[in-house]
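Trainee: Here's a structure for you.
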Amino acid sequence: MLKINNLHVKLEEEDKQILKGLTLEVPAGEVHAIMGPNGSGKSTLSYVLSGRDGYEVTEGSATLEGASLLDMEPEERAAAGLFLAFQYPVEIPGVGNMTFLRTAVNAQRKARGEAELTAGEFLKVVRAKAADLQISPDMLKRPVNVGFSGGEKKRNEILQMAMLEPRMCIMDETDSGLDVDAMRLVSDGVNALRSPDRSFLVITHYQRLLSHIQPDVVHIMANGRIIKSGGPDLALEVEENGYGDLLAEAG
Amino acid sequence: MSESAVQELQTPQVSGTARPAGALDARLAQLDLPQGGFSARARADALSRLRAAGLPGPRDEYWRYTDPRPFTAASPQALPVDGGPESPLFAARDKLTLVFVDGLFDAAASDDLSLEGVEITTLAQADQAGSHWAADLYGALELAGQSPVSRPFATLNTAAARDGLLIRVTGKPAKPVHVLHRRGSEGADAVWHHVIRVESGAELTLLESGVVGARSNGVIEADLAQGAKLHHITAKRANDPKVGLSHLFARVGAEAVLKSFALVVNGTTMRHEAIVDMVGDDAVAHVAAAVLGDGNVGPFHHDDTVFITHGALRGESRQVFKKVLKNGAVGVFQGKILVKNGAQKTDGYQISQALLLDEASQFLAKPELEIYADDVKCSHGSTTGAIDEDALFYLRSRGVPHERAIVFLVLSFLADALEEVEDETLRDEINERLDAWLTDRPRG
Ligand SMILES: Nc1ncnc2c1ncn2[C@@H]1O[C@H](COP(=O)(O)OP(=O)(O)OP(=O)(O)O)[C@@H](O)[C@H]1O
Ligand SMILES: [Mg+2]
C-alpha cells in the first residue's frame, strides 16, 4: 500500500535536514505504529506524505499503491486515498463543519469519477457516524474545529476519516488529549474501519492506544530514520525502558 | 489569519497640487441644478456652502488615502450602458421595486408607489410644490454631518440632486423597498438624494442594486424616530468599473436600530461615507461592508469612511469592514467612534480587516476613538493578513481543491460582515452570489 524508500527531507527555508533516509513499507490491511522521541521527525513525515508546503525532498521516494505521492497536490493525494489525522487540527472560523465535510467528500468522489452525494444522503451517513463517535449535532453545525476541546478536535478528525473512507490512514498522535472513554471511542472507530484493503500508520507516544488498536508492526523512529522495527512487544519495551537502549543500539 | 500591525500610513502618491481654480465651476456647469420647490432653500444654502468651502483636493486631510479627482473632474469617463452581465440580486425576495435611470426616477419601469405602512414620493415630484414633510430633513442631516469634518460632495449633492425618494414609514410594510439603478447613457453622471423618515415604532428594509452611472453621487438622509428600525442593504452591479461616491447620514433616536450593509465587488474609485448620529438613549447602529477588489478588473480603490457619534446613554455601535484585495487593489478604512461627554454606557465596536491575496495589494486603515465619557466600553482593531496557509493545507488535505479552499477561506473571512445582514434569505443570497463570483475567477 504505502512504500517509502530512502526518504530525505529538508526544510525549504533553512538548511535543516529532518528526514535522513527513511524507509518503511505498510502492506495492505496492516496497521503499523511509529514511536519515537520528540523531534525525531514523525509529524514531518506525515506532512511530507500529505503534501504540505515548506519541505524539500532531496532524495528518495514515496508511493501509494504504486503511484508517486510526491508529485501530487495535497488534494490529489487525498483523492488517491491518503488521509492524515492531524496532530493539531486547524480551526477554520466561518466554515461550517458539515459544509466543509460534504465538499471534501464530494470533491473526492468527483475526482474518483463517482457520483456525488446529495445533501440528504450525506446527512444520513454523517449523522450515524457522528453518533458513533459521540459528536453532537451541534458540533457538526459549528465552524470547523472552532471552540472544540482538544479531544473533540481529535474525534472530529476520526469522523472525517470515517466519512472519507481513505485507503491509507495516517494518524499523528490522535490519542494525545483524549480521555479514557474517548480513546475507546476513537479506537472503536478505527477498528471498525480496518479492512484488507485499508492500512494505517499510527504515530503515538503511548502503548495504551496500541492496546486498543493492535498493530502488526511497530517502528521506532529517531533522528529522521527508522532505527528498529518489530512486533507489538516493541511498544511495551519502549513503555518500560524508554528509548535509551534502542538509541544506543542504533548508534 | 496571520495578523500584522496596522499599516503605517503614508501620504499617498498623488501628483498635482491644490485644487485647480474653477474646478467647482466646471463641475457645476455640467450639472442641471434644479430650481424652486420645497427644497429650494436647502439647495441654495448648499450651493453657497459649497462655494465657500470648495471641492477637496488631493492634499485635504480627509482625502489622504483617496484621490478626489475622479469626483472633481468635470465629467466621468464613459462606460458601457449594461454594466456587464449578471442577473440582478435580491431576485428571490418579494419587494417594491423603484427604478432610477441615471439617478432619475422611471415611473413606467417601476412598481406602483403604494405600499401599506409607507408613503413614497419622488423628489422631482415633490419639488413641484412649495411644501413637503421632507423640507425639515432635506439637506438638514447632511448639514449636521458637516461638522467636525466637511463632506463637500454631499453638499454638492444637496444642491444638485434632481431626483430621489422621499419615504415616510409609518408602519411595518410587508416587503422591502428596492431601488434598482439603471444606466441610461454611457457618460451618465448620476446624482440622487433620498430622504427617509421612519416614524416611531415603524420599520423599513431598503435595498439598492443595479447599475449606477459611470459616475455616481448618492445621498441618503435617514431620520429614525424612537423605536424605529431601518435596514439598508446595498449591492451595486459587480465588476462594473464605475466611479462612485455615496453618503449615508443617519440620526438615530431612542431605542431605534439602524443597520447598513454594503456589498462591493470590483469597480474603479469608490468611497462610501456613513455619518451616524446617535441622539437617543439605547440607540443601535451597525455599519458593515464586504468588499472584493480585483485590480485586474479595474484600478480598484475602495474607501469606507465612517463617523459614529454617541450623544446619548447606552448606545451600541458596530462597524465591521472586511476587504479582500488582489492584483494591486487598494482598500481604505477611516473609521471613528466619537463618544460625547455624558454618553455613558456606550458600547462601541469597530473592526476593519483586509485579506490580501497578493503582495501588490494594500490596505490603509485609520481607526480612531475619541471619548469624552468615563463609563464606556469601546474597542477597535485593524488587521491586514494573507490566506492562512495552515487552514489552506488542512482543507486541501481533505480533498478540497485549491481554488475551492481559497473560496472557503475568503467566505470565512467575510462571514462576520455578512452576519450584519439580518434577513436570512438575503444573507444566503449574498453568500451564494459571493461564492459564485469567487468561483468564476481564475486562481488568485
Ligand atoms: N517548519 C519548521 N521550522 C523549523 N524547524 C522545524 C520545522 N518543522 C519541523 N522542524 C523541526 O524538525 C524536527 C522534527 O519535527 P517533527 O514535528 O516532525 O517531530 P515529531 O517527531 O513529530 O515530534 P513530536 O513527538 O514532539 O510531535 C524538530 O526538531 C522540529 O523542531
Ligand atoms: Mg509530532
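Trainee: Hull surface divided by four, with the convex hull built on the Cα atoms of the protein assembly as shown: how many nm²?
Mentor: 34.2
Trainee: Rounded to the nearest 100 Å², what is the buried accessible area between A and B, both sides summed, probe 1.4 Å?
Mentor: What A and B bury together is about 1900 Å².
Trainee: Oh, and also: Any chance you could tell me what percent of the C-alpha pair distances in region A:158-248 go past 15 Å?
Mentor: In whole percent, the long-distance tail amounts to 61.
Trainee: Sticking with this structure for a sec: Which is farthest toward the positive dipole end of region B:260-348 among B:N296, B:G335, B:F321, measuring Cα position about the Cα centre, with Cβ charges +1 (Lys, Arg) and -1 (Asp, Glu)?
Mentor: B:N296
Trainee: Of all accessible surface on region A:15-126 at a 1.4 Å probe, what whole percent is carbon and sulfur?
Mentor: Within region A:15-126, the accessible surface is 47 percent carbon and sulfur.
Trainee: Determine which lysines satisfy two conditions relative to B:K175: a Cα distance under 16 Å, and not lying fewer than 8 residues away in the same chain.
Mentor: Within the straight-line cut-off, B:K175 pairs with B:K95, B:K229.
Trainee: Which GluC sites (Glu not before Pro) does region B:167-246 hold that lie in a coil by DSSP with at most 13 other beta carbons within 10 Å?
Mentor: Counting only loop positions with at most 13 other Cβ atoms within 10 Å, the GluC sites (Glu not before Pro) in region B:167-246 are B:E186.
Trainee: Still on this structure, I have one more. Would you list B:K229, A:K141 from the most to the least accessible area, probe 1.4 Å?
Mentor: A:K141, B:K229
Trainee: For region B:146-266, what is the accessible area per residue in Å² when the probe is 1.4 Å?
Mentor: Value for region B:146-266: 23 Å² per residue.
Trainee: Classify chain B as rounded, prolate or oblate, taking a ≥ b ≥ c as the square roots of the eigenvalues of its Cα gyration tensor: rounded when a/c is under 1.5, otherwise prolate if a/b is larger than b/c and oblate if not.
Mentor: In terms of gyration-tensor shape, rounded.
Trainee: With respect to the cross-link table entries B:K259/B:K366; A:K3/A:K124; B:K322/B:K366; B:K236/B:K323; B:K242/B:K336, which display a Cα-Cα separation exceeding 25 Å?
Mentor: Among B:K259/B:K366; A:K3/A:K124; B:K322/B:K366; B:K236/B:K323; B:K242/B:K336, the Cα-Cα distance tops 25 Å for A:K3/A:K124; B:K242/B:K336.
Trainee: Tell me, what is the per residue accessible area of region A:152-251 in Å², probe radius 1.4 Å?
Mentor: Using a 1.4 Å probe on heavy atoms only, each residue of region A:152-251 averages 41 Å².
Trainee: Here is a further query. Could you tell me whether region B:250-351 comes out rounded, prolate or oblate from its Cα gyration tensor? Rule is a ≥ b ≥ c as square roots of the eigenvalues, rounded for a/c under 1.5, then prolate if a/b exceeds b/c, otherwise oblate.
Mentor: Taking the square roots of the gyration eigenvalues as a ≥ b ≥ c, region B:250-351 is prolate.
Trainee: Please state the charge dipole magnitude for region A:144-227, taken about the Cα centre, from unit charges on C-beta atoms (+1 on K and R, -1 on D and E), reported in debye and rounded to the nearest 20.
Mentor: My answer is approximately 140 debye.
Trainee: Give the residue list of trypsin sites (Lys or Arg not before Pro) in region A:1-94 that are DSSP loop and have at most 15 other beta-carbon atoms within 10 angstrom.
Mentor: The qualifying sites are A:K16.
Trainee: Between B:E419 and B:K377, what FRET efficiency follows from the Cβ-Cβ distance if R0 is 25 Å, with the result rounded to 0.05?
Mentor: 0.80
Trainee: Which of the residues in region B:364-406 lose at least 30 Å² of accessible area when you go from the chain alone to all protein chains together (probe 1.4 Å)?
Mentor: B:D390, B:F393, B:Y394, B:L395, B:R396, B:S397, B:R398, B:G399, B:V400
Trainee: I'd like the distance separating the alpha-carbon centroids of region B:382-398 and region B:327-348, in whole Å.
Mentor: When both Cα centres are located, 28 Å separates them.
Trainee: Continuing with the same structure: Assign one of three labels to region A:48-88, namely rounded, prolate or oblate, based on the Cα gyration tensor with a ≥ b ≥ c the square roots of its eigenvalues; rounded applies when a/c is under 1.5, prolate when it is not and a/b is larger than b/c, and oblate otherwise.
Mentor: In terms of gyration-tensor shape, oblate.
Trainee: Taking region B:137-203, which chymotrypsin sites (Phe, Trp or Tyr not before Pro) meet the DSSP loop condition and have no more than 12 other C-beta atoms within 10 Å?
Mentor: Nothing satisfies the criteria.
Trainee: In region A:83-105, what residues drop by 40 Å² or more in accessible surface going from the chain by itself to the full protein assembly, probe 1.4 Å?
Mentor: In region A:83-105, residues shielded by partner chains: A:F86, A:V90, A:I92, A:V95, A:F100, A:T103.
Trainee: Then there's this: Out of A:A107, A:S229, A:Y47, whose Cα points farthest toward the positive end of the dipole of chain A (charges: +1 Lys, Arg; -1 Asp, Glu; placed on Cβ)?
Mentor: Going by the Cα projections, it comes out as A:A107.
Trainee: Add -39500 (n - 2.57) for each DSSP H run of 4 or more in chain A, then divide by its residues: what number comes out at 222 nm, to the nearest 500 deg cm²/dmol?
Mentor: Here the helix-only value at 222 nm equals -11500 deg cm²/dmol.
The values are calculated or read from the model by the stated rules, or taken from the named source; none is laboratory data. Keep in mind that what you see is a predicted model, and the values were worked out from it rather than measured. Using ideal geometry, Cβ is built from the backbone for each residue, glycine included, and neighbour counts are taken over all protein chains shown. Note: accessible area is taken over every heavy atom of the protein model, side chains too, but ligands, DNA and RNA are not part of it. Shrake-Rupley method; radii C 1.70, N 1.55, O 1.52, S 1.80 Å.
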